[in-house]
Amino acid sequence: MGRFTIEEFIQSTAQDDSAREYFQLESDRMLEVNLDGMVWMKAGAMVAYVGKMKFTREGLLDQGLGSLLKRSVTGEGARLTKAEGAGRLYLADSGKTIQILRLEGDSIYVNGSDLLAFEPTVEWEIKMMKKLAAVVSGGFFNVRLSGTGLIAITSHFEPITLRVRPGQPVRTDPNATIAWSGNLQPEFKTDVSLKSFFGRGSGESIQMEFNGEGFVVVQPFEEVAMNHSAGG
């Protein structure tokens, strides 16, 4: 186990030539984009490409937001790269698990740091969450994606989706929340009695509360904000 000749290793790890879908998982942690035109991807997510492509970095927050607000959001999570051309593009994000979703006239919110790529046919809009600025790793914004097309999101390990039903609100740890249905608007709750349970190690007691009807996607991992000490 784990011992190969070079030829055996090449064969066992070779990219799959058998299918040519626009978004295709080479593994659960590597996305292949069969590009013929344009795709949006997270800045820094490209690991390799074959073919002729042009890459342009763009600020994710350039859509009508003031310069002060732009300066207040830093890091790779606040930027997108536009890839244009033809060929095969390989994307990954710190070994996180990748899920491919198809929008068919519906919408979803995705945490900015968990959005890997999406088709240019998908409409997108930035939403700020200032109350979470000190709590959420990788920024405090999310992206509302809507319309028709493919999107790829990432999570640490396998995510789980929780149903939100009327009269049955769902509360989540912001650092474990990666996506939710586009019709839901989370409220932010502070419950001191839950401080020792939510936000372990961050010293925070803020939770996201979802009311109505929809879904919330969480991961079995907490991305603790870098600007927080362990004791809060």
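Annotations
- Test: residue in the stretch 214-222 that is assigned to a loop (DSSP other than H, G, I, E, B) and at pLDDT below 80: yes
- Only residues that are part of a loop (DSSP other than H, G, I, E, B) and modelled with pLDDT of 90 or more were counted across the stretch 15-28, and they come to 2.
- Given (1) surrounded by 11 or more Cβ atoms within 10 Å (Cβ to Cβ); (2) touching a Phe, Trp or Tyr at 6+ places or on another chain (Cβ under 7 Å); (3) over 22 Å from A152 (Cα atoms); (4) modelled with pLDDT of 65 or more, index of the condition S12 fails: (1)
Residues checked against (1) modelled with pLDDT under 95; (2) touching a His at 6+ places or on another chain (Cβ under 7 Å); (3) of a type in the set (K, R):
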| position | (1), (2), (3) |
| --- | --- |
| L91 | no, no, no |
| G105 | yes, no, no |
| W124 | yes, no, no |
| K130 | yes, no, yes |
| G147 | no, no, no |
| A152 | no, no, no |
| T172 | yes, no, no |
| A176 | yes, no, no |
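- Pairs linking a residue in the stretch 169-186 that is of a type in the set (A, V, I, L, M, F, W, C) to a residue that is part of a helix (DSSP H, G or I) and crowded, with 24+ Cβ neighbours inside 10 Å, with Cβ atoms under 8 Å and 6 or more positions apart or on different chains, are I178/D114; A179/D114.
- Here A134 clears all of (1) in a strand (DSSP E or B); (2) hydrophobic (A, V, I, L, M, F, W, C); (3) modelled with pLDDT under 90 except the condition numbered (1).
- In the stretch 46-65 there is at least one residue matching the filter, namely being at pLDDT 90 or above, within 25 Å of P159 (Cα to Cα) and surrounded by 14 or more Cβ atoms within 10 Å (Cβ to Cβ).
The values are calculated or read from the model by the stated rules, or taken from the named source; none is laboratory data. This is a predicted model, so every value here is computed, not measured. Note that we place each Cβ from the backbone using ideal geometry, even for glycine, and neighbour counts take in every protein chain shown.
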